[in-house]
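Report on the structure given below.
The values are calculated or read from the model by the stated rules, or taken from the named source; none is laboratory data. Because the structure is a prediction, the values reported are computed rather than measured. Neighbour counts are summed over all protein chains in view; Cβ atoms, including those assigned to glycine, are modelled from backbone coordinates with ideal geometry.
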Amino acid sequence: MRFLKKRLKFETIAFFADAFGTRDGIFTNGMLLLLLRANFKIFKTGKGNLYRQLSQIAENLKEFDAALAIYPAVYFPSRLKFLTIFFRDRFYWKRFSSCSDEACKKSILSKYSDWIKRERIMIPVNTVLRVLGKAGIPIGSINLVPLEAKPGMPAIYHNFKPIAQNILVVAFKEVDFDFKDVFPERGNSFEETKKILSSYFALKEEVTVLKEGNVVAEVNGMPIREYIKLRFNEWIEESEFLEKLERGEISAITPFGLALISKKTYGVSVIGLAPFPLNFYPFYLELNDFYDEGLVLGEIFSEKPEDFIKFEKSPPDDSHRFLLFVVDSTTLLAYRGLVYGLYEYAINNLRSDWVMFFTTLPSSFHNTNKRYISEIDQNLHFFGSGTSLFLGFCNL
C-alpha cells in the first residue's frame, strides 16, 4: 500500500475482496489494480447523522447515471469496543427478560437497535439503499462482510486512508447498470412465496420470530442464542470469541439462514444464523417490514455458476468498452472448483474487457422490471446470497 500511495496521485478506492477475476483467471490471493478513466465523482459520509448525510449525497447523485455505495455492513471493532458491546447486550437483555408482554419487549429491542445503528456496528443495507434511491438513478451496494474477521475489518480506504464505519458512494456517468439474483421468482402472496422457498431450498423448519428494528431476540419463543446452540450445535463464549477475533478466525458466513418474507412485495431476505456471544441478534437489515413467520433454510444455488454474470445488458458484443461484475462471494464456498465456470463463460462470450469482484451481499435499488425474489421493497433488492451487479462503461 505504501508503494502505491507514493505513486498514485489521483483519487483511489481500495478494499479487500474475497477473490477477483480477469482474463488471466480467478484469484483468491494477490492484488488487482484497476485503473479507470471514467466520468465519476466520490462522496463520503463522516461523523454525525449518517442518514442525513446520505440524503445530501442523494441530492448530488441526480446528475449521474448510476452509483455504487461501498461500506461495512457489519464492522468488527477493537477488543475494547467489543467489551462495551457485550456490556450493552447484557444491560438490555436484563431489561428485556423482566418484561411481561410483547410490547415491553419490543420497546427494549427498539432502544437496543437504535444504539447498534447509532454506533454503526451494523449499517442496515435497506435503509442505505432507500435513502440513496431518492436520487432516481440505479444504486448498487457493496455491503462488505468479511469471510474471516479481525479487528478493523472490513477495511476500506479512500485515498489510502481508512474510512472505518463510513460509506463511500462512487457516482458514474455514461454507464449501464443491472442487478440480478439466481433464484426463482417470488410469489404473489405470503403462502405462495413460502411454498417456493420450501421447494427450492433445503428447508429445516418453519418458525416464529420476535424482532424489532434490526434485531432478532427470539425464535419460536426461545432466545435466539439458545436456538442456534440447540438447532445447529454451535456456541461460542465471549473469551473464545475475542481470542479468535484477534487471530482473524471469526467467520461471519454460515450455511444456515432465517428467511423472512416482506409484507410489501412478498420478496425474501435471509439472515445468516452464525453463533455470536450475544443474547440479541443484530443484523444489517431493518426487519419491521417483514412478517414474524419465517423459514430456517440451508443454502442451495443455481446449477450453473455462469448464471451469476449472464445479464441482458452485458451482451457478447462491443456495446461497452469495459464490464465490471460484482459477484456474491458465497459462490466461492458453494461451487468451489466449479466457480471457474464463470471465467470460462466470460472468456468465451464477452468481447469487451472485464473484471469480476467477489464480495459479500451485492444489492441494489433499481427497477429491473422482473419479479426477483430478492425485491423486498419497491425496486430494493437484498437477499443475503446469490446476487450480482453489472456495470457497463460506454466511454473510457
Sole residue being modelled with pLDDT under 90, hydroxyl-bearing (Ser, Thr, Tyr) and within 23 Å of the chain's Cα centre (by Cα), chosen from TYR291, TYR281, TYR335: TYR335
Unique match (being out of contact with any helix residue (DSSP H, G or I) (no Cβ under 7 Å at 6 or more places or on another chain) and assigned by TED's automatic domain parsing to the domain that holds LYS195) among GLU243, GLU238: GLU243
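Sort through ASN126, ASN143 and tell me the only one that's in a helix (DSSP H, G or I) and of a type in the set (S, T, N, Q).
Working: ASN143 fails: in a helix (DSSP H, G or I).
Going through ASN126, ASN143 in turn, the sole match is ASN126.
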Scope the stretch 294-330; condition touching a helix residue (DSSP H, G or I) at 6+ places or on another chain (Cβ under 7 Å) and at pLDDT below 75; matching residues: GLU299, ILE300, PHE301, PRO316
Selected residue (only one of GLU185, GLU226, GLU205 is in contact (Cβ under 8 Å) with a residue 24 or more places away in the chain, outside any strand (DSSP E or B), loosely packed, with under 15 Cβ neighbours inside 10 Å and of a type outside the set (A, V, I, L, M, F, W, C)): GLU185
Pick from the stretch 377-396, criterion outside any strand (DSSP E or B) and closer than 16 Å to VAL145 by Cβ, ranking: farthest from the chain's Cα centre (by Cα): GLY386
Only one of ALA259, ALA217 that is surrounded by 18 or more Cβ atoms within 10 Å (Cβ to Cβ), in contact with a Leu (Cβ under 8 Å, 6 or more places away or on another chain) and either among the basic types (Lys, Arg) or closer than 18 Å to PHE183 by Cβ (or both): ALA259
Near pairs, Cβ below 6 angstrom, 6+ apart or cross-chain, from the stretch 229-244 (assigned to a loop (DSSP other than H, G, I, E, B)) to any residue that is surrounded by 15 or more Cβ atoms within 10 Å (Cβ to Cβ): GLU234/ILE228; GLU234/PRO275; TRP235/LYS229; TRP235/PRO275; ILE236/PRO275; ILE236/PRO277; GLU237/PRO277
Matching residues in the stretch 28-87 - criterion: being among the small types (Gly, Ala, Ser) and at pLDDT 90 or above: GLY46, GLY48, SER55, ALA58, ALA66, ALA67, ALA69, ALA73
Residue in the stretch 342-376 that is modelled with the lowest pLDDT, counting only those that are crowded, with 17+ Cβ neighbours inside 10 Å and assigned to a helix (DSSP H, G or I): LEU342
Residue satisfying condition, being under 30 Å from THR331 (Cβ atoms) and not assigned by TED's automatic domain parsing to the domain that holds ASN367, within set ILE163, ILE116: ILE116
Subset of the stretch 29-46 that is in contact with a Leu (Cβ under 7 Å, 6 or more places away or on another chain) and not charged (D, E, K, R) - its residue that is surrounded by the fewest Cβ atoms within 10 Å (Cβ to Cβ): LEU36
Pair list, Cβ < 8 Å and 6+ apart or interchain, from the stretch 322-334 residues that are assigned by TED's automatic domain parsing to the domain that holds LYS173 and surrounded by fewer than 19 Cβ atoms within 10 Å (Cβ to Cβ) to residues that are assigned to a strand (DSSP E or B) and not aliphatic (A, V, I, L, M): LEU332/PHE358
Failed criterion for PHE20 (all others in (1) surrounded by 10 or more Cβ atoms within 10 Å (Cβ to Cβ); (2) farther than 20 Å from TYR343 by Cα hold): (2)
Qualifying residue in the stretch 74-89 (condition: farther than 30 Å from ARG225 by Cα, touching a residue at least 24 places away in the same chain (Cβ under 8 Å) and over 20 Å from the mean Cα position of the chain (by Cα)): no
Flag if TYR266 is surrounded by 15 or more Cβ atoms within 10 Å (Cβ to Cβ) and more than 21 Å from PHE383 (Cβ to Cβ): no
